[in-house]
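Take a look at the structure below.
Bear in mind these aren't lab numbers, they're just calculated from the coordinates by the rules spelled out. As the structure is a prediction and not an experimental result, all values here were calculated from the model. So basically every Cβ, Gly included, is an ideal-geometry build from the backbone, and we count neighbours across all protein chains shown.
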Amino acid sequence: MNVVSIPIALIDEDLNQPRNYLDEDALTELAESIKDNGLLSPIKVYSQKNGQYKIIYGNRRFKAFQRLGYESIPCILSEYKDEEDIFLQQLTENMQREGFTPIEEAEAFRKAIETPQWNMTVKFLAGKLGKKEKYISDKLSLLNFGNAVKQIIHNGTQIISNKLTEAQVLPLKDLPVEYRDQLAMKVAVEAIPVEDAKRIAKLFSAKDINPQAKEIFLNYNNHKLIEVWDSYEFEQKLNRIKGKSSNEISKPILVTNENNKNQDIAKPLSLFPIEEKAKELLGKIPRAMTIPDDIVFSIQDMRIDNREEFMITVDCIIENLEMHLMQWKAIKEIIKKDRVRRVK
């Protein structure tokens with residue numbers, strides 16, 4: 001590795017490099033570190049026809065040297081001259097740096113793909129950078145969000161109020177524009193978990209929920225949105241069960257005639273008694289949902305004698321539910337054992 005000391009005055013910054021945001025506080029810390037400990041890693045440059053050098057990477061270190069008033073800086077001289085190769089070097093280097101933001105990375109990917117003379121594709125770029133194509137595509141999709149959302153997308157996986165991780169915001173990327181940014185900001189403000197963000201995205205992408213309802217949902221907080229999603233999902237499952245049953249009733253099934261092993265007889269399918277009982281019960285049991293805290297803690301205002309009566313009611317609910325649970329678990333075990341027996 002050829003390291004030479006080059007005068008600061010002969011070095012030009014590359015204003016088109018992938019990393020364009022420099023934190024002033026971090027730059028001050030870097031300058032102090034260089035002053036105390038020296039430069040731990042040289043910057044990399046290439047020579048230009050006008051006798052000047054241009055930075056490939058190490059822009060922050062270069063600025064720190066300028067701030068310290070140093071006259072020269074240790075540099076690695078690159079043999080690359082091609083702009084495409086230089087840009088890929090810069091991109092590879094910056095992707096390894098902690099301060100390289102997801103949006104800067106996405107902007108760099110877009111530049112690589114949209115620069116006509118380079119003619120890069122997502123597949124080519126993924127191969128060059130050692131990344132999966134989905135990694136590149138997901139980063140590019142971040143650019144679909146508005147500036148307010150892009151400014152609060154940060155590195156890492158820690159969920160922080162008024163900030164967004166990629167995992168939080170990516171589920172929303174394909175939503176219609178009238179919902180996408182509003183929901184992204186809601187996810188940020190309320191520090192909504194990733195799994196909840198996925199459920200909210202499914203709710204707003206559902207084609208059978210009318211736009212007027214979705215406009216109302218935009219005003220709901222996360223807790224209420226998840227309740228709406230749970231209710232919607234339950235209805236969908238129930239409809240699938242009902243739809244499956246009605247479809248199967250019209251279908252014949254084949255049963256073997258014991259008197260003639262080679263003859264199959266079509267027999268219309270109807271619901272068995274146990275199926276009828278299951279569907280009857282499913283129709284009567286309300287869906288499970290979280291009881292809001294204000295309702296739960298209203299018990300604290302209840303009179304002592306009323307509490308005793310209420311406890312009897314709760315015990316009855318629990319006892320009935322446990323009996324249902326025990327009975328249907330037993331039925332499930334019978335199904336499992338019968339399945340094993342049939343396989344054997």
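Enumerate the residues in the range 30-63 having an amide nitrogen under 15 Å from the point lying 7 Å beyond the Cα of Glu71 toward its Cβ. The answer is none. Taking amide H as placed 1.01 Å from N in the peptide plane, the amide H of Leu164 sits under 5 Å from that of Ile153, His154, each at least 5 places away or on another chain.
Site pair Met311 and Ile299 shows an inter-label distance of 1.0 nm when each label is modelled 7 Å from Cα along Cα→Cβ. Taking every DSSP beta bridge that has both ends in the chain, the antiparallel portion is near 70%. Run down the aspartates and glutamates and flag those whose C-alpha is under 19 Å from the C-alpha of Lys173, throwing out any fewer than 8 positions away in its chain. Those aspartates and glutamates meeting the cut-off are Glu104, Glu105, Glu107, Glu133, Asp138, Asp181, Glu190, Glu195, Asp196, Glu215. Take the Cα radius of gyration of the chain and divide it by 2.2 N^0.38 Å, N being the number of residues; the result is 1.58. Given the options Ile274, Ile200, Ile334, which has the most mean-square fluctuation in a GNM of the chain, springs set between C-alpha atoms less than 10 angstrom apart? The residue with the greatest mean-square fluctuation here is Ile334.
Structure note, pairs Lys139/Lys224; Lys139/Lys163; Lys163/Lys214; Lys139/Lys214: Cα-Cα distances above 21 angstrom occur for Lys139/Lys224; Lys163/Lys214; Lys139/Lys214.
The per residue volume of the convex hull around the alpha-carbon atoms of the range 1-98 is 103 Å³.
When the alpha carbon coordinates of the range 139-216 are projected onto the principal axes, the ranges are 35, 22, 17 Å, largest first.
Here is what passes the span test in the chain: the DSSP H helices with alpha carbon length of 24 Å or more along the helix axis and a Kyte-Doolittle mean of -1.0 or above are 304-343.
Extents of the range 291-344, largest first, come to 60, 21, 7 Å (Cα atoms, principal axes, whole angstrom). Under 5 Å between amide hydrogens, built in the peptide plane, is the criterion, and for Cys75 it picks out Val4, Ser5, Ile6 among residues at least 5 positions away or on other chains. Exceeding 30 Å between C-alpha atoms, which entries from my cross-link table qualify? They are Lys132/Lys198; Lys128/Lys202; Lys44/Lys131. Too far apart for the 30 Å limit: Lys128/Lys202. Loop sites here are GluC sites (Glu not before Pro) outside DSSP states H, G, I, E and B with no more than 12 other Cβ atoms within 10 Å. The longest part of the chain free of them is 99-257.
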